[in-house]
Amino acid sequence: MRGLLDTTLCGMETPIVRIITDICGALEQHRRIDFGCGAVVVGLLFASSLSIAQVSNIATVRLPPQVSLPDLVELAAREANLSLNYDAQQLRGQVTFRLDGPVTPDELWSITTSVLDSRDFVVVESAVDSLYEIVPLQSATKALSRIEQPAADMAAGLDSHASFGSVVFPLQSGEAESVIAAIKPILSANVGQARAIGDGSLLLLTDTSRRLQMIKDLLPLVDRADDTAEGFFLELDNIQANQAASILGTIAASGTGGALRKPDDLPRFVAMPTGNMLWVVARRAQVEEITELARSIDQAEELEVRTYAPPRGVAPRELAEAISQVLELASTNSTGTADQRTRVATQQLTGSVVVRATGSQHLKIEAIVESIAAAPADARQELRTFAIRNRDAAELAATLSQLMDFEVFDASAQELEDQAGQGAGRAPTPPSTPNPDKPLSLTVDSATNSLLAVGNAFAIRQLEPLIEDLDRRQPQVMLEITLVSINEGRTLDLGVELDGMWRNGRTVTNLASLFGLGSGTGGTSAGTGFTGNVMQAGDFEALVRAVESTNAGRAVSMPRLLADNNQPSTLRSVNREPFTAINASDTVATTSFAGNEDAGTTITITPQIAAGDHLTLEYSLELSAFTGDSQTLQGGGVIPPPSQENTLQGKVTIPDSFTVAIGGLRSVNTGDGRTQVPVLGSLPLIGALFGSTSETQSEARFYVFLRGTILRDASFAGLRHLSARELAEAQVDDGSPRVQPVWIE
């Protein structure tokens, strides 16, 4: 039992079409390959009893999957022992084959002429014996006119290796004009020729071998003496011309029709390239019946909506593309364009394909879906290599593994383990093989920072856009932190000291009002500020002191950090103060190092670039400083100095290239003191002579400023600009070439 399956690839090669072709190649044998009208039509024989591999006594040729057209011509000519003359500049492009086995030299030459015919090139005989030429179809008639072909050769037919030529057919009716009118639509446009010779008993035809064969099949019906045949067009509204030709031909061959019942009166039906025009050659008595039959079968089918679930390993989009290609040929309307009533849509939520088409079209779609599902799983597996350019391949694989169900294998890590194992006498680990239960397996090659994916086509199609979205170079952020510390203070001291001594005989009387400003009776003051002494040695002494001190200080620290987007960066600058510990025992005490006490600045910032070119910063600042000196204990132990620590932590959003204050601390201390002689110091006016006054005021301010600049330039020009000042201050060459003028005489 034989059946013919045609797969049309319409100049496109999608993954699903490759799957269909591979399935067909695995189940059937290629029987015919026709490259007509720019399409590739592969004929398959089901359950064929003879294959090329069984013909052991015939030399065969195995064609590569893809070959250039000049190489194909050279190969076919060499295998057929032909001499060819052609312009290699005209023969361009690649030819893709889907063959299930080798072909014979004759089949190879037939394939080559079909490829040439699809690209409007033909093979003609030349004026030199045993030499053939490949010329454009439009120039074939002119090339053929340069040679003298004997009448006997034209009557015998075309040479087996030529695809264009002239043939003479004898006519029985002698009505050459009516015969020419009947076959004229079949001739190639602007190239094919038909004319009568002599008294009209001979017909000279010039055209391609394929069209000459079609005319040869029509001549017995057209060239009749008893009843003149007619050729006429039938315009179809709902079905294609090739479908109508098949149905009408089957009805005519069955003999069920009235005027069509005689087998020797069978009409001929030729589908025109326009798609909706059918050329019919029949006897006059058959015209009316054929017209009625054509009108009865040219009826529009009702549309049905069906849902198709893609086989495992096939994406809904790929199945939809395959169905669309089937409907492209099966749903052509009277204008030759695709029927707008048919629809193909994918349901992303359910992962299915919804099709609105006729019942006959659904039968073809079901056959395609069943063929894909019947294919072995290995036939749909693919191997892809993804070069990761902006991220670490292992890190990206770990991220993808959280989204998709697959296993990850690190080839570079395994290689290092094998090398270490061989040094220890262990056998190397065999290479990892894909797990059949997993739709996808990923291998990380750290040496090239690549991902190797093995799995079904559907999983790889899902993986491809994910890698494209995730493997992008992230912008960088230049973070500039400014730490400003301002200290201001004021101290005022004002006091008077009185000291008097009186002698009366052997009695000495001493009265004093002292507050530590001077050195006591009979001494001189060495203090700072305004100081005045009034002394009468041995009797009276007065000391007046007034001093005011002010101080103002400003300390600025400006650390900088360069960070990738969404990556934390840390700056740590600390002062380490060592301290010791004493270990005492009953006999001896030892002193040992106990560690370091740290004080300084630690900054950690993680920037995140938002879509609106503003920055979200997650920061943590720890600022500490020693406020005193370390103390040495009796016995040699050291206690670390006291310290103060300020911590800022939070998350803020700031605009790009703006400097903002993200935190600060202000501390104000004030104090007033009065030391006086009781009662006397409280007296108005004269009370100032019996006391000392002290006023203290201090203020400390601390600010944290933050500026973030987004660097998006692909050539890092922004980074070079921001680093120019630091490079100049540090007198470091940035490596850029120096352009200097050269005097040319």
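The values are calculated or read from the model by the stated rules, or taken from the named source; none is laboratory data. Being a predicted model, the structure only gives us computed values, none of them experimental. As a convention, Cβ positions derive from the backbone with ideal geometry for all residues, glycine included, and neighbour counts pool all protein chains shown. Each accessible area value is taken on the protein alone, full model and side chains, heavy atoms only, with ligands, DNA and RNA left out. Shrake-Rupley method; radii C 1.70, N 1.55, O 1.52, S 1.80 Å.
Brief remarks follow.
- Residue list for the range 533-561, filter: modelled with pLDDT of 85 or more and either surrounded by 14 or more Cβ atoms within 10 Å (Cβ to Cβ) or part of a loop (DSSP other than H, G, I, E, B) (or both): 558, 559, 560, 561
- When the range 690-717 is filtered for residues that are among the small types (Gly, Ala, Ser) and in contact (Cβ under 8 Å) with a residue 60 or more places away in the chain, the ones remaining, listed by number, are 691, 692, 694, 698, 700, 708, 714.
- Taken over the range 436-487, the criterion of being out of contact with any helix residue (DSSP H, G or I) (no Cβ under 9 Å at 6 or more places or on another chain), among the β-branched types (Val, Ile, Thr) and part of a strand (DSSP E or B) is satisfied by 477, 481, 482, 484, 486.
- Being over 28 Å from the mean Cα position of the chain (by Cα) and at pLDDT 85 or above is a property that residue 520 lacks.
- Per-region count, the range 488-517, residues outside any loop (DSSP other than H, G, I, E, B) and under 30 Å from residue 550 (Cβ atoms): 12
- For the range 715-738, the criterion of being basic (Lys, Arg), open to solvent by 70 Å² or more (accessible area, probe 1.4 Å), more than 30 Å from residue 595 (Cα to Cα) and in contact with a helix residue (DSSP H, G or I) (Cβ under 8 Å, 6 or more places away or on another chain) is met by no residue.
- The range 546-558 residues that are over 22 Å from residue 706 (Cα atoms), paired with ones that are open to solvent by less than 70 Å² (accessible area, probe 1.4 Å) and not polar (S, T, N, Q) (beta carbon under 7 Å, 6 or more apart): 546/529; 547/493; 547/529; 548/492; 550/489; 551/489
- Subset tally (residues that are in contact (Cβ under 8 Å) with a residue 12 or more places away in the chain, closer than 19 Å to residue 599 by Cβ and not charged (D, E, K, R)) for the range 613-660: 20
- Number of positions in the range 60-70 that are outside any strand (DSSP E or B) and farther than 21 Å from residue 100 by Cβ: 2
- Scanning the range 724-745 for residues that are acidic (Asp, Glu) and not in a loop (DSSP other than H, G, I, E, B) returns 726, 729.
- Total residues in the range 189-226, condition in a helix (DSSP H, G or I) and aliphatic (A, V, I, L, M): 7
- Residue ID - modelled with the lowest pLDDT, chosen from residues in the range 152-176 that are surrounded by 12 or more Cβ atoms within 10 Å (Cβ to Cβ), among the small types (Gly, Ala, Ser) and part of a helix (DSSP H, G or I): 155
- Among residues of the range 626-651 being within 30 Å of residue 610 (Cα to Cα) and open to solvent by less than 40 Å² (accessible area, probe 1.4 Å), the one that is farthest from the chain's Cα centre (by Cα) is 648.
- For the range 662-677, a residue qualifies if it is hydrophobic (A, V, I, L, M, F, W, C) and open to solvent by less than 70 Å² (accessible area, probe 1.4 Å), and the qualifying residues are 662, 677.
- Residues that are within 28 Å of residue 128 (Cα to Cα) and modelled with pLDDT under 85, drawn from the range 57-88: 88
- Reported count of residues in the range 388-397, each being among the aliphatic types (A, V, I, L, M) and open to solvent by 50 Å² or more (accessible area, probe 1.4 Å), is 0.
- Positions within the range 79-98 being farther than 23 Å from residue 160 by Cα and among the charged types (D, E, K, R), in sequence order: 92, 98
- For residue 687, the conditions (1) more than 25 Å from residue 559 (Cα to Cα); (2) touching a residue at least 12 places away in the same chain (Cβ under 8 Å); (3) surrounded by fewer than 16 Cβ atoms within 10 Å (Cβ to Cβ); (4) in contact with a Gly (Cβ under 8 Å, 6 or more places away or on another chain) are fulfilled apart from (2).
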